[in-house]
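Here's the structure we're looking at; comments come further down.
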Amino acid sequence: MRQLFLLFLSVVLLMASAKYSEANPSPGAQQTFPVLNVTDLNGKKMTLPRDFDASYNLCLIAFSRSQQSDVITWINGTKPIIQSAGVSFYEMPTISRLPGFVRDFITAGMRRAIPDDTDRKHTITLFIDKTPFRQSLGLGTEKKIYAILVDRQGNVLWSASGDFTNEDGESLHESLAALNLAPRPV
C-alpha cells in the first residue's frame, strides 16, 4: 500500500513539475516574442516584432478589461524612463481568437474609446491563441499583466509583472543602461 501511495505521489509531483515548468521557464531560458500579423487601432497592418517603431519596445500585455488600472500604473510609471531612452511603448490587450465580425466589433469599440491617433497607433489588440503566446514569452497566469522590453528580433531583454513599482522602474532603468540607452545609476 505504501509503495502504491509513493508511486501515486511521484506521478502527481511529476505532473505538477511539468505544468510549472511549462508556465514558468527555467531561469536563463531565452524568451522570444513570436511573429504576429496584427493591426493597430488606426488600421495599420504590421508584422511584429519586425515592425515595432523603435529598436527597443516596452510592451504591456493585459488579458482582461479589469487589468486596465494596472496598465495605467505602468504607463504613468515608465513614461519618463522610456521617453528619455528612445524606447517605444505598446499596450497589448490580449484576447483569444474570435470570428472576424466579433473582432471588428471589439476593435470599433476600442477606436471609439481611444480618440487620440498616437494612442491608437500604440494599442494593438492581439486576437491569438494565448497559450503558445504566453509560453513563448515565459508568462505565467493571465491574472496579472506583464511588461516586457523586446527588440525587433523578438528577444525579450527584460520583464516584470503586476502593478508598476519603483523597484520595477529601477530595474527597467538598469536594463536600459546596460543597453546604453540610459545613464547608469550612480
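Odds and ends about this structure:
- Against the test of being more than 11 Å from the chain's Cα centre (by Cα), within 21 Å of Asp53 (Cβ to Cβ) and surrounded by fewer than 17 Cβ atoms within 10 Å (Cβ to Cβ), the options Asp104, Asp116, Asp163, Asp129 yield a single qualifying residue, Asp116.
- Scanning segment 35-76 for residues that are surrounded by 14 or more Cβ atoms within 10 Å (Cβ to Cβ), part of a loop (DSSP other than H, G, I, E, B) and among the hydrophobic types (A, V, I, L, M, F, W, C) yields Leu41, Phe52, Ala54, Phe63.
- Set Gly86, Gly140, Gly169: member being on the phi > 0 side of the Ramachandran plot and in contact (Cβ under 8 Å) with a residue 40 or more places away in the chain: Gly86
- Residue identified as of a type in the set (Ser, Thr, Tyr), touching a Ser or Thr at 6+ places or on another chain (Cβ under 6 Å) and modelled with pLDDT of 95 or more among Tyr90, Tyr146: Tyr146
- Within segment 124-135, residues that are touching a residue at least 24 places away in the same chain (Cβ under 8 Å) and closer than 18 Å to Val71 by Cβ reach partners that are outside any loop (DSSP other than H, G, I, E, B) and small (Gly, Ala, Ser) with beta carbons closer than 7 Å, at six or more positions or on different chains, in the pairs Lys130/Ser96.
- For segment 1-59, a residue qualifies if it is among the polar types (S, T, N, Q) and either touching a Leu at 6+ places or on another chain (Cβ under 8 Å) or at pLDDT 50 or above (or both), and the qualifying residues are Gln30, Gln31, Thr32, Asn37, Thr39, Asn42, Thr47, Ser55, Asn57.
- Test result for Ser84, of a type in the set (Gly, Ala, Ser), surrounded by fewer than 15 Cβ atoms within 10 Å (Cβ to Cβ) and closer than 20 Å to Val35 by Cα: no
- Helices (runs of 4 or more DSSP H) contained in segment 87-186 and holding at least 2 residues closer than 24 Å to Thr32 by Cβ: 130-137, 166-178
- Among residues of segment 84-129, those that are touching an Asp or Glu at 6+ places or on another chain (Cβ under 6 Å) and of a type in the set (A, V, I, L, M), counted: 1
The values are calculated or read from the model by the stated rules, or taken from the named source; none is laboratory data. None of these values were measured; they are calculated from a predicted model. FYI the Cβ positions are ideal-geometry reconstructions off the backbone, even for glycines, and counts take in every protein chain you see.
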